[in-house]
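Dropping the structure in here first, questions after.
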Amino acid sequence: MSDDFKYNLKVFIRFGILFEIMNVFYNPYAMKFLERIGGNEFDISLINSTKGIIMIFTALPAAFFINRVRDKQKITANVVLVMAFIILSMVFIPILPSEYKVLSFIIIMTILMVPIAVFNISYQNMTGEVFPKRRARVLSKRSIYTIIFTTIVTLSSGFVFRYLADDNSDYIFIYRVFYFLAFVSGVSAYFMFKKLKYTPKENKELIPFKGSLKKVLKNKRYRKFIISSTIFHFGWQMGWPLFSIYTIKTLGADEFWLAIISVGSAAVMLIAHRIWPKLIEKFGNEKIVFICTLGMALTPILYVLSKNLVVLAIFSTSTGFFTAGTITVLFSDMLAVTPKNNRAIYVGYYNVLTNITLAISPLVGHFFYELKGIVFALIITSIFRLIGSIAFMIRERSERKFTVTLD
């Protein structure tokens with residue numbers, strides 16, 4: 001292991017900690033904040049869909065822009081800074097007239113998706129360049145450290161809500177403080193990312209926009225991956241607003257319980273991030289992604305079986321094991337099936353497809369919720385996730401058959 005690799009790993013981990021702390025201060029409680037300022041179930045589903053819609057139209061232009069930019073480090077760092085300032089704007093939502101609060105929050109969260117779309121592509125592309133080998137272990141180490149720190153912050157924030165807030169105005173004030181702390185953490189992440197030792201690489205064979213889709217789809221491994229992943233993402237993302245609705249509206253969770261659930265899941269993910277990279281290296285991405293997504297198909301059913309917050313906390317904690325594996329293996333798998341040249345374009349198309357599902361699936365989930373209630377909607381979500389997992393299984397078997405034929 002070279003000195004530059006060790007140095008970059010340390011910086012990569014520290015950046016991950018600061019970046020995720022920024023997210024922890026605004027994201028886990030976003031739907032609860034929306035409810036406290038007057039949002040309803042439709043607003044929760046809408047905010048998830050609008051994220052996807054914005055990212056559909058942002059991801060591909062961002063991919064072609066990043067593919068042509070030589071210094072991707074500068075772009076990635078600047079985007080993190082933009083995210084921090086957008087989050088800071090949430091501090092001012094509570095002082096707006098009541099009729100504009102919910103709309104303003106939805107607009108800000110939607111605008112935030114623009115820099116996030118750019119960051120996802122640029123960051124994923126840079127990760128592949130800075131760490132060409134041992135990616136699963138690098139991602140795992142980053143996740144282990146970020147989980148430790150974000151768990152501490154999440155648990156602390158939960159206690160702050162529980163013991164320092166008496167009425168809605170107290171909760172709102174604490175949210176405003178947290179949004180400011182998210183801004184501070186984001187600015188710190190910006191400076192940390194700039195410390196990475198990164199040598200910009202010139203892309204000599206740029207893919208033009210015209211005919212680019214046809215070009216990337218010629219890559220069979222990439223094509224099989226994105227088809228399977230897109231199917232799974234539809235069911236995965238369908239559950240996001242439904243879980244919030246079930247936890248907050250059905251079981252009545254406050255910020256403290258949201259923190260407990262988040263911390264429990266993080267604790268299991270901490271253990272899981274030590275296990276999954278070894279399994280990925282031993283058995284390969286294709287086999288592990290099927291196992292992980294199959295485990296995630298059970299999550300909505302476990303929510304249905306949870307009749308109180310204690311049971312939900314236990315069940316949601318256990319599902320963190322498969323969530324950790326899915327996040328790691330999908331990232332590792334995506335980098336493995338994309339070529340070094342023009343990787344940003346491949347990542348861009350992948351992000352477009354997964355965001356098309358993000359724009360549609362939460363509203364589909366809401367349709368089933370309105371049709372026959374939350375339990376029915378969660379069961380349908382589980383079925384969609386299972387179909388996605390089966391798609392990965394079919395892909396794994398076709399890859400194995402192809403390898404055997406070559407041998």
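Can you pull out the residues in the stretch 140-188 that are aromatic (Phe, Trp, Tyr) and over 18 Å from the mean Cα position of the chain (by Cα)?
First pass over the stretch 140-188, keeping only residues aromatic (Phe, Trp, Tyr): 145, 149, 159, 161, 163, 171, 173, 175, 178-180, 183.
PHE159, PHE161, TYR163, TYR171, PHE173, TYR175, PHE178, TYR179, PHE180, PHE183, listed by residue number.
A further question follows. For the subset of the stretch 1-11 comprising residues that are out of contact with any Leu (no Cβ under 7 Å at 6 or more places or on another chain) and modelled with pLDDT under 90, which member is nearest to ASP170 (Cα to Cα)? Step through it out loud before you land on a result.
As a first pass, look at the stretch 1-11 and keep what is out of contact with any Leu (no Cβ under 7 Å at 6 or more places or on another chain): 1-7, 9-10.
Next cut, modelled with pLDDT under 90 only: 1-7, 9.
Details: MET1: 50, SER2: 51, ASP3: 49, ASP4: 47, PHE5: 46, LYS6: 44, TYR7: 43, LEU9: 40 Å.
Filtering first and then ranking leaves LEU9.
Still on this structure, please answer the following. State all residues of the stretch 94-111 that are more than 19 Å from VAL24 (Cβ to Cβ) and among the hydrophobic types (A, V, I, L, M, F, W, C); if no residue qualifies, say none. So that I can check it myself, show each step before the final result.
From the stretch 94-111, those more than 19 Å from VAL24 (Cβ to Cβ) are 94-104, 106-107, 110-111; that's our starting set.
ILE95, LEU96, VAL102, LEU103, ILE106, ILE107, ILE111, listed by residue number.
Here's something else I'd like to know. Scan the stretch 166-181 residue by residue and report those that are more than 18 Å from MET22 (Cα to Cα) and without any contact (Cβ under 8 Å) to a residue 12 or more places away in the chain.
Across the stretch 166-181, the qualifying residues are ASP166, ASP167, SER169, ASP170.
For the stretch 360-382, what are the residues that are among the small types (Gly, Ala, Ser) and buried (at least 19 other Cβ atoms within 10 Å of the Cβ)? Steps first, please.
Applying the first criterion (among the small types (Gly, Ala, Ser)) to the stretch 360-382 yields 361, 365, 373, 377, 382.
SER361, GLY365, ALA377, SER382 - these are the residues of the stretch 360-382 that are among the small types (Gly, Ala, Ser) and buried (at least 19 other Cβ atoms within 10 Å of the Cβ).
I've got another one for you. Which one of these is basic (Lys, Arg) and either surrounded by fewer than 18 Cβ atoms within 10 Å (Cβ to Cβ) or under 20 Å from the mean Cα position of the chain (by Cα) (or both): ARG395, ARG385? Full working, then the answer.
Numbers: ARG395 fails: either surrounded by fewer than 18 Cβ atoms within 10 Å (Cβ to Cβ) or under 20 Å from the mean Cα position of the chain (by Cα) (or both).
It is ARG385.
Output yes when any residue across the stretch 287-307 is under 19 Å from the mean Cα position of the chain (by Cα), within 30 Å of PHE64 (Cα to Cα), of a type in the set (A, V, I, L, M, F, W, C) and part of a helix (DSSP H, G or I), and no when none is.
Within the stretch 287-307, one or more residues are under 19 Å from the mean Cα position of the chain (by Cα), within 30 Å of PHE64 (Cα to Cα), of a type in the set (A, V, I, L, M, F, W, C) and part of a helix (DSSP H, G or I).
Which one of these does PHE191 not meet: (1) within 25 Å of the chain's Cα centre (by Cα); (2) crowded, with 17+ Cβ neighbours inside 10 Å; (3) not aliphatic (A, V, I, L, M)?
In the conditions (1) within 25 Å of the chain's Cα centre (by Cα); (2) crowded, with 17+ Cβ neighbours inside 10 Å; (3) not aliphatic (A, V, I, L, M), PHE191 misses (2) alone.
I'd like to verify a number: residues in the stretch 1-60 that are within 15 Å of the chain's Cα centre (by Cα), outside any helix (DSSP H, G or I) and over 17 Å from SER89 (Cα atoms), how many?
1
Follow-up question, since we're still on this one. Report whether or not ILE147 is surrounded by 20 or more Cβ atoms within 10 Å (Cβ to Cβ), closer than 16 Å to ILE21 by Cα and in contact (Cβ under 8 Å) with a residue 12 or more places away in the chain.
yes
Of everything in the stretch 311-331 that's crowded, with 19+ Cβ neighbours inside 10 Å, among the β-branched types (Val, Ile, Thr) and within 26 Å of GLY252 (Cβ to Cβ), which residue is farthest from the chain's Cα centre (by Cα)?
THR317
While we're on this one: Take VAL91 and tell me if it is at pLDDT 85 or above, in a helix (DSSP H, G or I) and more than 23 Å from the chain's Cα centre (by Cα). Even if it seems obvious, please write down each step before you answer.
Working: at pLDDT 85 or above: yes; in a helix (DSSP H, G or I): yes; more than 23 Å from the chain's Cα centre (by Cα): yes.
Here the answer is yes, as VAL91 does meet what is asked.
State yes or no: is SER212 modelled with pLDDT of 90 or more and hydroxyl-bearing (Ser, Thr, Tyr)?
Spelling it out, it is not the case that SER212 is modelled with pLDDT of 90 or more and hydroxyl-bearing (Ser, Thr, Tyr).
Can you tell me how many residues in the stretch 147-205 are more than 21 Å from ASN8 (Cβ to Cβ) and of a type in the set (D, E, K, R)?
So the answer is 7.
Before we move on, is ALA344 in contact with a His (Cβ under 7 Å, 6 or more places away or on another chain), part of a helix (DSSP H, G or I), buried (at least 23 other Cβ atoms within 10 Å of the Cβ) and of a type in the set (Gly, Ala, Ser)? Give the steps one after another, and end with the answer.
On the way: in contact with a His (Cβ under 7 Å, 6 or more places away or on another chain): no; part of a helix (DSSP H, G or I): yes; buried (at least 23 other Cβ atoms within 10 Å of the Cβ): yes; of a type in the set (Gly, Ala, Ser): yes.
Taking the combined requirement at face value, the residue does not satisfy it.
Among the residues of the stretch 11-43, write down those that are out of contact with any Asp or Glu (no Cβ under 8 Å at 6 or more places or on another chain), under 23 Å from GLY373 (Cβ atoms) and of a type in the set (A, V, I, L, M, F, W, C).
MET31, PHE42
Here are ILE174, ILE152, ILE148: which of them is of a type outside the set (Lys, Arg), at negative phi and modelled with pLDDT of 90 or more? Even if it seems obvious, please write down each step before you answer.
Numbers: ILE152 fails: modelled with pLDDT of 90 or more; ILE148 fails: modelled with pLDDT of 90 or more.
Selected residue: ILE174, the only one of ILE174, ILE152, ILE148 that is of a type outside the set (Lys, Arg), at negative phi and modelled with pLDDT of 90 or more.
While we're here: For TYR198, all conditions in the list (1) surrounded by 17 or more Cβ atoms within 10 Å (Cβ to Cβ); (2) modelled with pLDDT of 95 or more; (3) over 18 Å from the mean Cα position of the chain (by Cα) hold save one; what is the number of the exception?
So the condition that TYR198 fails would be (2).
The values are calculated or read from the model by the stated rules, or taken from the named source; none is laboratory data. Everything numeric here is computed off the predicted structure, so don't read it as measured data. Cβ atoms come from the backbone with ideal geometry, glycine included; neighbour counts cover every protein chain shown.
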